[in-house]
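J.: My structure is below; once you've seen it, I'll send some questions.
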Amino acid sequence: MPPAARGAAEDEDPPVRLRYLAISHLISRPGIARLLGTTTALSADPEVPTLLGRPLRANRARHPQGRRPRGTAVGRGCPRSIRAGTCTDLCSRVAPVGSDSRYAAYEADLWERLAALLPSAEDAESFRACRESGHQEAGLWMLTQRLLEQQVPISDRTRAEIEVLAEQWGERLARHDEIIACVRDSDDEASIRLLPDDRTTPVPPARIGLANAALTGLLVVPWLECLRCGRVLARVHAQEPWGDLRYLAAHYVIWRHTASDDALQVFDESDLHSAFESLLSCS
């Protein structure tokens, strides 16, 4: 590490110093070093240490105390399954252990399936290493870049799974355009799809016939659609005073276009995986 960057790290609090050490270790591995190349920058400014040109401090917004719970090997930052999990040393929110372990198993399997899409064995190894070292965000960046560069065809369901994985790790906005630009597998029998942009306009719940107290004052953004049963999974966001949607969803909802209100399913922000599982249940 350059002396200036090392000095900046030493001025930071312990979690940020650990991140500097983790990045130094990460880029020492040949496969990851090739992946990151010149896109990794360790800034001398203690306010803007970066990985892939993006502030590390941005991850603090994803956990109440800005760092992941001790004893977890899930990785840098704090995904929804962990932010809602048992974090007794950092926050008081507790979710059932079973849901977290179920999601962890699903993500491990998904990561392997996505690695298998990469034609290069070296790329697949580097992609796995991103998860093992806790750099899922870098892994998602690598995945979408390689799929686009090598024109790897993917099914609509795989595209939806990548999008949901990116949402889980707070990377949906950064990766969405790349995900929708990936080549579609012409042999795929479509079962689930990302809705086109012209069908994802935020609307008040009442405008699409959704009535639930949890949605009051929020906006619904249609997101994924099951082509077999017609159900739609949407994100539900608060609106900022300046007009933009709040970065993180407040809820996720599933409804059927022609169904009555009692068919509406509302999921908490921390329960994205259960919402996606429910949408996939007929696929």
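The values are calculated or read from the model by the stated rules, or taken from the named source; none is laboratory data. On a predicted model such as this, the values are computed, not experimentally measured, just so you know. Positions of Cβ are generated from backbone atoms using ideal geometry, with glycine treated the same way; all protein chains shown enter the neighbour counts. Areas reflect the complete protein model, heavy atoms only, side chains present, ligands, DNA and RNA absent. Shrake-Rupley method; radii C 1.70, N 1.55, O 1.52, S 1.80 Å.
J.: Just to verify a number: what accessible area does TRP255 come out at with the full protein assembly present, 1.4 Å probe, Å² rounded to tens?
T.: Estimated to the nearest 10 Å², TRP255 gives 20 Å².
J.: On a full-extension model of 0.36 nm per residue, what is the gain between CYS229 and ARG246, subtracting their alpha-carbon distance, rounded to one decimal in nm?
T.: 3.1 nm
J.: Under the Karplus relation 6.51 cos²θ - 1.76 cosθ + 1.60, θ = phi - 60°, what is the ordered set of whole-Hz ³J(HN,Hα) values for the stretch 128-142, x standing for Gly and Pro?
T.: With coefficients 6.51, -1.76 and 1.60, one gets 4, 5, 4, 6, 4, 8, x, 10, 4, 4, 5, x, 5, 4, 4 Hz.
J.: While we're on this one: Enumerate the amide H contacts of ALA250 below 5 Å, restricted to partners 5 or more residues apart or on another chain; note that Pro and chain-start residues carry no placed amide H.
T.: VAL236, HIS237, ALA238
J.: Related question: Of all accessible surface on the stretch 152-226 at a 1.4 Å probe, what whole percent is carbon and sulfur?
T.: The C+S portion of the solvent-accessible surface of the stretch 152-226 is 50 percent.
J.: Right, another one. Quick one: ranking ASP188, ASP197 by accessible area, 1.4 Å probe, largest first, what do you get?
T.: Final ranking, largest accessible area leading: ASP197, ASP188.
J.: Oh, and also: How much accessible area per residue does the stretch 97-191 have, counting only protein heavy atoms and a probe of 1.4 Å, in square angstrom?
T.: I get 40 Å² per residue for the stretch 97-191.
J.: At 1.4 Å probe size, with no ligands or nucleic acids counted, give the accessible surface of ARG235 in Å², nearest ten.
T.: Per-residue accessible area (ARG235): approximately 20 Å².
J.: Okay, moving on. In the neighborhood of THR201, defined by Cβ-to-Cβ distances under 13 Å, what is the net charge if each Lys or Arg adds +1 and each Asp or Glu adds -1?
T.: +1
J.: Moving to a separate point now. Report the accessible area of CYS282, computed with a 1.4 Å probe over the heavy atoms of all protein chains in place, in Å² rounded to the nearest 10.
T.: 50
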